[in-house]
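Student: Could you have a look at this structure, given as structure tokens, before my questions?
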Amino acid sequence: MSGTPKEPAPEGSAPILPEPSALDAATSPHLAVGTAGIGTAMRDVLVGLAPAAVMAVVLFGGRAAVHLAVAVAAAVATEALACRLRRRPTTVGDGSAALTGLLLALSLPVSLSPGATALGAVVAVGLGKAVFGGLGQNPFNPAMVGRAFLAACFPVAMTTWVEPAGLDGWSGATPLVAGDGGPVATAWQLLGGRVPGSLGETSGIALVAGGAFVLFRRAGDWRPTAGMLGAIAGIAALEAFIRGSAARGVVAHLGSGGALLGAFFIVTDPVTSPLARSGRWVFGALVGGIVMAIRLGGSYPEGVMYAVLLANAVVPLIDRLTAPRPLGGPMAPPSIVPAAALAVAPPGPPAETAP
Amino acid sequence: MIAALAALLGLGGRPATRRGVHPRGHKAELLELAIEDAPACQEVILPLQQHAGRPAVLTAKPRSELEVGDLVAEAEAAISARVHTPIAGRVVGPVAVTLSNGRRVTAVPVRAREPGEPLRFSEWRSGDWTVPGTNLLGPQAVVAAVQAAGVVGLGGAAFPTHLKLAPGGARPIDTLLVNGCECEPFLVSDARLLVEAAPVVLAGVELAARACGASRVLIAVEDDKPAAIAALRAAAKPPVEVVVVRTRYPMGAERVLIPAVLGREVPTTGYPTDVGVVVVNVGTAASIAQAALRERPLTHRLVTVAGPGVVRPAVLFTPLGVSLGSLIEACGGVTASARRVIAGGPMMGFTVTDLSAPLTKGTSGLVVLDDSSLASAAEGPCIRCGACLDVCPLHLAPTRIALAARTGRLDLFDRHHGLACCECGCCAFVCPAAIPLVQLIRAGKATARRTRRRAIEAAAVAAIFEHGGA
């Protein structure tokens, strides 16, 4: 049976029955799928982010490595402290704090001071997650909460983009700002990371490769990703059709800013996205739509962070609208007035309303 | 086309046939096991409640002598079933026993008079199973024979079969769906029955269709049991159709099987008869044939004894009322690492800690799990991954229901249709955070029912006080 070696009963001896004390009791089901738990998914996402982290160091140099290390360390330390304050066993081992720190660092510009990065990581884990009760309870994506905090505190530093060092790439503002009238980044430049931007946002190839790994490992659902990229591509195509050559084009919109980082690593966070599959599509499309609304109509060059936070806020509503319909129809609303009581009650208006 | 695209994208959730889970069933090896006769027994203990409904009422006098198949207890309530003795012997007074499902019931021990020749499986299945014409054996006669023989559903729920065959509902029955899915891991009794005794099963199917008036007759078998399918196809004659369904737990649950085979949804608060369907298990069908064509009461059944903790897995043809421990002994006992004994299958069965408990009509298997096969992960927080929604065969949101049950929020429990849960356990099986989802829901259902019952009683009392004197 199932290839497991089995101790056969010795010749001639009576079959062994289990001692009652050796038996345990539990309610069904008695089997489980046997996945190693939440930590596996978190580790897979960390592995998926590795190419983008490596590219960040390659493109931006040692300063990027400092940012990454500071953010992860601050996030993990905050998680450990929060567990201590709440007198709960430490949850550092599940990897979610490290993931939050890494995602935050990859969404920051390299010119920011490492102190600010550390502050952002503390806010991300502390105010973004721990105050709500830890993993699974937070309504907003913690890394985006940390980034929003930094954007409010350091508005200038957070929008100063440095061109990747040592590479003959793009110079000037991010291609999203430069688009109107200025030179337009080629698809190859966007994919290879030779454009200014945040640490992890510039290398499209690294993001797509890591993201494909995450989706392949089922560490994240592909539906929010597809919904978000689909919405961006659709609206960008519409823009190109209406505005012609003045538009930036589908590839530029997909490959620039935080679109790929957000699509593969942020909207795929299960905690802050809807439960049902249909709801995940709605959520992804909503993020993509808000991103494009901010990019095309807003005064802010990059919108992924606000798009994610706004969409996070409506997840409870999406959950309610996309709640699955039970097979066989909904349960009838509970009736607590039994037929017997109705039979006893006299017809006509209740006594209180009678004159 | 649009529907297929929507299904692919998961817009309406996972399609019904892809829901559920596929636990390792180890069936390929077990399906090779031929049915064996259990060793002769010295004593059986016959519980008066082995079925859904009210207990049967003891009729056998203490110290009286019984022959094989004699009546022990009569079904007096509307929903009840008779109990007969599988062996000849002396009644040794009623005792109280605890069944594997935790229920404490009255039972009648019968001590064998002499080591007589027990009923063998070869004898049970032998002979001519041609069904006589309706003029000789009409629908009423079939139902009467089934009732007299104390036949109940052998798939696990143990609902009295005569009530199923003569439902008396407003909607006529057009389809008889015979359930040969046996989706629980490790259990192969039904599949072996089909391989070794297909004519008995098919005779019972024909009789059941006659009794309930169904014109369409389908036998559903999962596609991991090719020998059973081949045996059925070789023996089945029109109008009986053999339907091969995807191997997927819980395909054997009637609320899942009916939509999968017939495309009809059973109303959440209703029954299969509401959509014109009667579902019987293949083992039950064989018992119907034994009752109507051989006048044999339900005194024996097939039990799969398997699992990594069993030395020599087997499918046993055994008298009812023998101790569960004796069945494990018949299979060479357990291994040193055996940790949990389960009556039924590992997905929905009950743990047994007292191996002297008697075998009842509804016990389809004994599964012994060892340390390595038991779920052991520590519970973590829900990360809203949605896996439980994806696998729930009834399209519920288990994590929502379980949270409502855990926090005692009955309003939320009702809003998420907690009482619709069939407790198949797929949600707890897949949960990456090892949350005991179905266990919480089960407890919540009990609380919800109790609260509702009290509210109804309170409303009735209030109505009498307010209006009774007027």
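The values are calculated or read from the model by the stated rules, or taken from the named source; none is laboratory data. Just so it is clear, the structure is predicted and the values come from calculations on it, not from any experiment. Cβ coordinates were reconstructed from backbone atoms using ideal geometry, including for glycine residues, and neighbour counts include every protein chain displayed.
Student: Could you list all residues from region A:257-300 that are within 14 Å of chain B (Cβ to nearest Cβ) and part of a helix (DSSP H, G or I)?
Tutor: A:Arg277, A:Ser278, A:Gly279, A:Arg280, A:Trp281, A:Val282, A:Phe283, A:Gly284, A:Ala285
Student: If I ask for residues that are farther than 26 Å from B:Leu207 by Cα and away from every other protein chain (no Cβ under 11 Å), which ones from region B:292-314 would you list? Before you say what the answer is, go through the steps one by one.
Tutor: The initial filter retains those residues of region B:292-314 that are farther than 26 Å from B:Leu207 by Cα, namely B:304-314.
Those that are farther than 26 Å from B:Leu207 by Cα and away from every other protein chain (no Cβ under 11 Å): B:Thr304, B:Val305, B:Ala314.
Student: On to the next question. On the basis of being in contact (Cβ under 8 Å) with a residue 40 or more places away in the chain and over 30 Å from B:Ala211 (Cα atoms), does B:Pro86 make the cut?
Tutor: No; evaluated as a whole, the condition is false for this residue.
Student: Only one of B:Ala289, B:Ala253, B:Ala234 is among the small types (Gly, Ala, Ser), under 30 Å from B:Asp414 (Cβ atoms), more than 10 Å from chain A (Cβ to nearest Cβ) and touching a residue at least 12 places away in the same chain (Cβ under 8 Å); which?
Tutor: B:Ala253
Student: Of the residues in region A:123-152, how many are assigned to a helix (DSSP H, G or I) and either within 14 Å of chain B (Cβ to nearest Cβ) or without any contact (Cβ under 8 Å) to a residue 40 or more places away in the chain (or both)?
Tutor: We begin by selecting, within region A:123-152, every residue assigned to a helix (DSSP H, G or I); these are A:123-126, A:130-132, A:142-152.
From the residues that got through so far, the ones that are either within 14 Å of chain B (Cβ to nearest Cβ) or without any contact (Cβ under 8 Å) to a residue 40 or more places away in the chain (or both) too are A:123, A:130-132, A:142, A:149, A:152.
Adding up the residues that qualify gives 7.
Student: Pairs please, first residue from region A:42-61 and closer than 11 Å to A:Ala219 by Cβ, second anywhere and surrounded by fewer than 19 Cβ atoms within 10 Å (Cβ to Cβ), Cβ atoms under 7 Å, 6+ apart in sequence or on different chains.
Tutor: A:Asp44/A:Arg217; A:Val47/A:Phe213; A:Gly48/A:Phe213
Student: Restricting attention to region B:400-419, which residues are at the interface with another protein chain (Cβ under 7 Å from one of its Cβ atoms) and either crowded, with 23+ Cβ neighbours inside 10 Å or within 18 Å of A:Ile318 (Cα to Cα) (or both)? Steps first, please.
Tutor: Here is the first cut: in region B:400-419, the ones at the interface with another protein chain (Cβ under 7 Å from one of its Cβ atoms) are B:414, B:417, B:419.
If the condition is that a residue be at the interface with another protein chain (Cβ under 7 Å from one of its Cβ atoms) and either crowded, with 23+ Cβ neighbours inside 10 Å or within 18 Å of A:Ile318 (Cα to Cα) (or both), then B:His417 is the only one that fits.
Student: Let me ask something additional. Please list, ordered by first then second residue, the pairs with beta carbon atoms under 7 Å, 6 or more apart or interchain, first in region B:330-350 and facing another protein chain (nearest Cβ under 7 Å) and without any contact (Cβ under 8 Å) to a residue 24 or more places away in the chain, second in a strand (DSSP E or B) and surrounded by fewer than 21 Cβ atoms within 10 Å (Cβ to Cβ).
Tutor: Matching pairs, first to second residue: B:Gly333/A:Ile16.
Student: Just give me the residues in region B:289-321 being among the aliphatic types (A, V, I, L, M) and under 30 Å from B:Gly133 (Cα atoms), in sequence order.
Tutor: B:Ala289, B:Ala291, B:Ala292, B:Leu293, B:Leu298, B:Leu302
Student: Criterion first (in contact (Cβ under 8 Å) with a residue 60 or more places away in the chain and at positive phi) does A:Gly249 satisfy it?
Tutor: Judged against the criteria, A:Gly249 is a match.
Student: Also, quick follow-up: Go through region B:435-470 and give me each residue that's under 30 Å from B:Ala378 (Cβ atoms), within 9 Å of chain A (Cβ to nearest Cβ) and free of Cβ contacts under 8 Å to residues at least 24 places away in the same chain.
Tutor: Listed by number, the residues that qualify are B:Gln439, B:Arg442.
Student: Wholly within region B:69-180, which helices (runs of 4 or more DSSP H) include no fewer than the required count, namely at least 3 residues that are among the aliphatic types (A, V, I, L, M)? Spell out the reasoning first.
Tutor: On the way: elements: B:121-125, B:139-148, B:161-165.
Counting at least 3 such residues, we get B:139-148.
Student: Additional query: Please indicate, with yes or no, whether at least one residue in region A:20-33 is in contact with a Leu (Cβ under 7 Å, 6 or more places away or on another chain), over 29 Å from B:Gly349 (Cβ atoms) and modelled with pLDDT of 85 or more.
Tutor: No, because not a single residue in region A:20-33 is in contact with a Leu (Cβ under 7 Å, 6 or more places away or on another chain), over 29 Å from B:Gly349 (Cβ atoms) and modelled with pLDDT of 85 or more.
Student: Does B:Pro267 fit the bill of being touching a residue at least 24 places away in the same chain (Cβ under 8 Å), out of contact with any Pro (no Cβ under 8 Å at 6 or more places or on another chain), at the interface with chain A (Cβ under 9 Å from one of its Cβ atoms) and assigned to a loop (DSSP other than H, G, I, E, B)? Quick ask: steps written out before the conclusion?
Tutor: On the way: touching a residue at least 24 places away in the same chain (Cβ under 8 Å): no; out of contact with any Pro (no Cβ under 8 Å at 6 or more places or on another chain): yes; at the interface with chain A (Cβ under 9 Å from one of its Cβ atoms): yes; assigned to a loop (DSSP other than H, G, I, E, B): yes.
Criteria not met by B:Pro267.
Student: From the set of residues in region B:348-382 that are under 25 Å from A:Gly279 (Cβ atoms) and touching a helix residue (DSSP H, G or I) at 6+ places or on another chain (Cβ under 6 Å), which is surrounded by the most Cβ atoms within 10 Å (Cβ to Cβ)?
Tutor: Applying the filter and picking the extreme gives B:Cys382.
Student: May I pose another question? If a residue must be of a type in the set (S, T, N, Q) and at pLDDT 90 or above, how many such residues does region A:88-120 contain?
Tutor: Here is the first cut: in region A:88-120, the ones of a type in the set (S, T, N, Q) are A:90-91, A:96, A:100, A:107, A:111, A:113, A:117.
From what's left, at pLDDT 90 or above: A:96, A:100, A:107, A:113, A:117.
The qualifying residues number 5.
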